[in-house]
Amino acid sequence: MIQKILIANRGEIALRIVRACRELGIKTLAVYSEPDVQSLHVQLADEAICIGQAKSSDSYLRADRIISAAEIADVDAIHPGYGFLSENAKFAEQCESCNIKFIGPKSKSIKIMGDKAVARETVAKAGVPTVPGSNGPVDSESEAMKAARSLGYPVIIKAVAGGGGRGMRIAHNDVSFAKEYHVARVEAEKAFGNGSVYLEKYIEQPRHIEFQILGDSHGKIIHLGERDCSVQRRHQKLIEESPSPFLTADLRKKIGKAAIRAAEAAEYENAGTVEFLVDPKGRFYFIEMNTRIQVEHPVTEEVTGIDLIKQQINVANGDKLEFDQGDIKWEKHAIECRINAEDPARNFAPSPGTIGLYYSPGGPGVRVDSHVYSGYTIPPYYDSMIGKLVCSGKTRKEALERTYRALSEFLIRGIKTTIPLHKAIMADPVFIEGKATTSYMEEFLGRTTPDLFS
Ligand code: ADP
C-alpha cells in the first residue's frame with residue numbers, strides 16, 4: 001500500500017496532487033527549487049526538500065536528486081505530474097529499480113508513445129487511423145522532399161521527440177519545404193536533443209479532440225470521454241472543453257473505441273490521453289498519445305465526477321478499476337481557461353513578478369486550480385501558466401455563462417494575465433456557436449484589437 005508520495009513537480013499540478021493525497025490519507029513530500037520555496041504546494045505538503053537552484057536542469061529535471069530525496073524521506077511512490085520527468089522512460093525505470101513506484105504507465109509504454117514515429121506505426125498496426133505521412137523518420141533532405149511531394153502539400157514537419165507544440169513547421173511547396181525542413185531539425189535538436197523529424201499531411205481546419213484513458217494493471221482499459229482542445233495559440237492549448245460541441249454520439253463511440261485500441265497497442269496502464277485531429281467531415285486521425293496526466297484533466301473530472309489523480313494512485317497500488325465503460329456518464333459540460341502570466345495585448349510577452357491582490361472566483365460550478373496567492377512572486381524560470389479556471393454547468397450554455405461570470409470576478413493585480421483574452425473569447429459568436437477549429441485563435445486575434453485584452 002502506498003503511504004507516502006514524492007511529488008516531482010511544481011505549481012498547480014503539485015498542489016493538485018497534495019490535495020488528492022490529503023483526501024486519501026497519504027503523506028506527501030514536496031521537492032522544490034530555491035525560488036519555489038513560497039509556492040503553496042511546498043507549504044501544504046507534509047514534508048519538503050529543496051533539490052537545487054532555479055534552472056529546471058538543476059532541480060526538477062535532476063532524477064538523481066529526486067530519487068535521493070525519495071530514499072531519505074522513505075517514500076513508496078513518485079508522482080511526476082506533467083512536463084519535467086513525466087514522460088521520461090529512463091526515470092520511470094530508475095524509480096522501479098530503486099523499488100519506488102512510478103505513478104504512471106510502464107516504461108515500455110512511455111518509450112513506444114514517446115517516439116511519435118514509433119507511436120504512429122504501433123497504433124496503425126492496431127487499426128487506428130493516423131494522418132497520412134512518411135513511414136518513419138526522414139533524415140535526409142532529398143528523401144524528405146520526395147515524401148512531401150508524394151503526400152502533396154501542405155505538409156507538417158514534426159520532431160519525432162516533439163512535445164509542447166515545438167519543433168513543428170508547415171510547408172506549402174518545395175521552396176518553403178527546403179527551408180522549414182532545416183529549421184524544424186535545428187529546433188528539434190535544440191529543444192529535445194534529437195533532430196530527427198517525420199512528415200504528416202497538414203489537415204485543414206481540424207479540431208483537436210483527445211480521449212482520456214484509464215487502464216489498470218489487470219488489463220482493463222476504458223475511456224472517460226473527450227476534450228475539445230481546438231483553441232490553441234502556436235499549437236499550445238488555451239481553452240479545453242468537454243463534451244466537444246462537434247462530436248455526435250456515434251462519432252464519440254467510434255473515436256473512443258479507436259482510443260482504447262491505441263492504448264491497448266502500448267499495453268497501457270494508468271491515466272493517459274490519446275489525441276486526434278478530426279476534419280470538418282468527421283474523419284479522424286491519431287496524432288499522439290501523452291503518457292501522463294494532462295493540464296486539462298479537471299474538465300473530465302467535472303463532467304464524469306471521477307477524480308483522476310486518485311485513480312492514478314489506486315492503479316499504481318495495483319487496485320482494479322471499480323467501473324466499466326458502461327458506468328461512465330457524462331452529465332455536465334465543463335470549460336477550462338488557462339490563466340497564464342502573459343500580456344495578450346503585447347503579443348503574449350511573459351509577465352512574471354509579484355502578485356498584489358489575488359481574489360479567485362467562487363459560487364456554483366466554479367473550480368480554480370492554482371498555487372498562487374496575494375503577495376506571491378512568479379519566478380521567471382518556468383512555464384507561464386499560474387492557474388486554471390474550470391467552470392461546469394448542466395449545458396454548454398450554462399458553462400459558458402458561468403465561465404464569463406467567473407472571469408469577471410477573478411482579480412490578479414500586479415501582473416498581466418490571459419483573463420481579459422478569455423473574457424473576449426467567451427463573448428465571441430464563433431466560440432459561442434461551438435465553431436472553433438485549431439485555426440480559430442489566429443483568426444480571432446487577427447480581427448480583434450489587442451487593447452481589448454489589457
Ligand atoms: P505536440 O506534441 O508538440 O503538442 P501534437 O502532435 O500534439 O504536438 O500537435 C499539436 C497541435 O499541432 C495539434 O493540436 C494541431 O493543432 C497541430 N497539428 C499537429 N499535427 C497536425 C496536422 N497533421 N495537421 C494539422 N495540424 C496539426
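The values are calculated or read from the model by the stated rules, or taken from the named source; none is laboratory data. Predicted, not measured: the structure shown is a model, and the values here were computed from it. Here the Cβ positions follow ideal geometry from the backbone for every residue, glycine too, while neighbour counts run over all protein chains shown.
Structural remarks
- Pair list, Cβ < 6 Å and 6+ apart or interchain, from region 190-217 residues that are free of Cβ contacts under 8 Å to residues at least 40 places away in the same chain to residues that are in a strand (DSSP E or B) and not small (Gly, Ala, Ser): ALA191/ARG166
- Single unsatisfied condition, LYS220 versus (1) touching a helix residue (DSSP H, G or I) at 6+ places or on another chain (Cβ under 7 Å); (2) of a type in the set (D, E, K, R); (3) under 24 Å from TYR268 (Cα atoms); (4) more than 15 Å from the ligand (Cβ to nearest atom): (1)
Okay, residues lined up against (1) without any contact (Cβ under 8 Å) to a residue 60 or more places away in the chain; (2) over 25 Å from LEU85 (Cα atoms); (3) of a type in the set (A, V, I, L, M, F, W, C):
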position	(1), (2), (3)
PRO243	no, yes, no
ALA249	yes, yes, yes
ARG252	yes, yes, no
GLU267	no, no, no
GLY272	no, no, no
VAL303	no, yes, yes
ILE309	no, no, yes
LYS320	no, yes, no
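- Within region 144-154, considering residues that are in contact with a helix residue (DSSP H, G or I) (Cβ under 8 Å, 6 or more places away or on another chain) and away from the ligand (no atom under 15 Å from the Cβ), the one farthest from VAL183 (Cα to Cα): ARG149
- When GLU141 is tested against (1) more than 9 Å from the ligand (Cβ to nearest atom); (2) farther than 15 Å from LYS179 by Cβ; (3) not aliphatic (A, V, I, L, M), exactly one condition is not met: (2).
- Qualifying residue in region 236-246 (condition: touching a Leu at 6+ places or on another chain (Cβ under 7 Å), modelled with pLDDT of 95 or more and either within 11 Å of the ligand (Cβ to nearest atom) or assigned to a strand (DSSP E or B) (or both)): no
- Where strands (runs of 3 or more DSSP E) sit wholly within region 155-211, those with at least 2 residues that are closer than 24 Å to GLN294 by Cα and more than 9 Å from the ligand (Cβ to nearest atom) occupy 155-163.
- Residue in region 67-75 that is surrounded by 20 or more Cβ atoms within 10 Å (Cβ to Cβ) and closer than 29 Å to LYS179 by Cβ present: no
- Residues satisfying the stated conditions in region 352-402, i.e. in contact with a His (Cβ under 9 Å, 6 or more places away or on another chain), in a helix (DSSP H, G or I) and not hydrophobic (A, V, I, L, M, F, W, C): ARG396, LYS397, GLU398
- Pairs where the first residue, in region 116-144, is surrounded by 20 or more Cβ atoms within 10 Å (Cβ to Cβ) and the second is part of a loop (DSSP other than H, G, I, E, B) and aromatic (Phe, Trp, Tyr), C-beta under 9 Å, 6+ apart: VAL131/TYR202
- Some residue of region 262-270 being part of a strand (DSSP E or B) and either crowded, with 21+ Cβ neighbours inside 10 Å or within 15 Å of the ligand (Cβ to nearest atom) (or both): yes
- For GLY83, the conditions (1) within 28 Å of GLU267 (Cβ to Cβ); (2) more than 13 Å from the ligand (Cβ to nearest atom) are fulfilled apart from (2).
- Number of the exception - THR28 against (1) over 27 Å from TYR358 (Cα atoms); (2) under 25 Å from the mean Cα position of the chain (by Cα): (1)
- The listed residues are ASP451, ASP428, and the only one of them that is away from the ligand (no atom under 16 Å from the Cβ) and within 23 Å of ASP279 (Cβ to Cβ) turns out to be ASP428.
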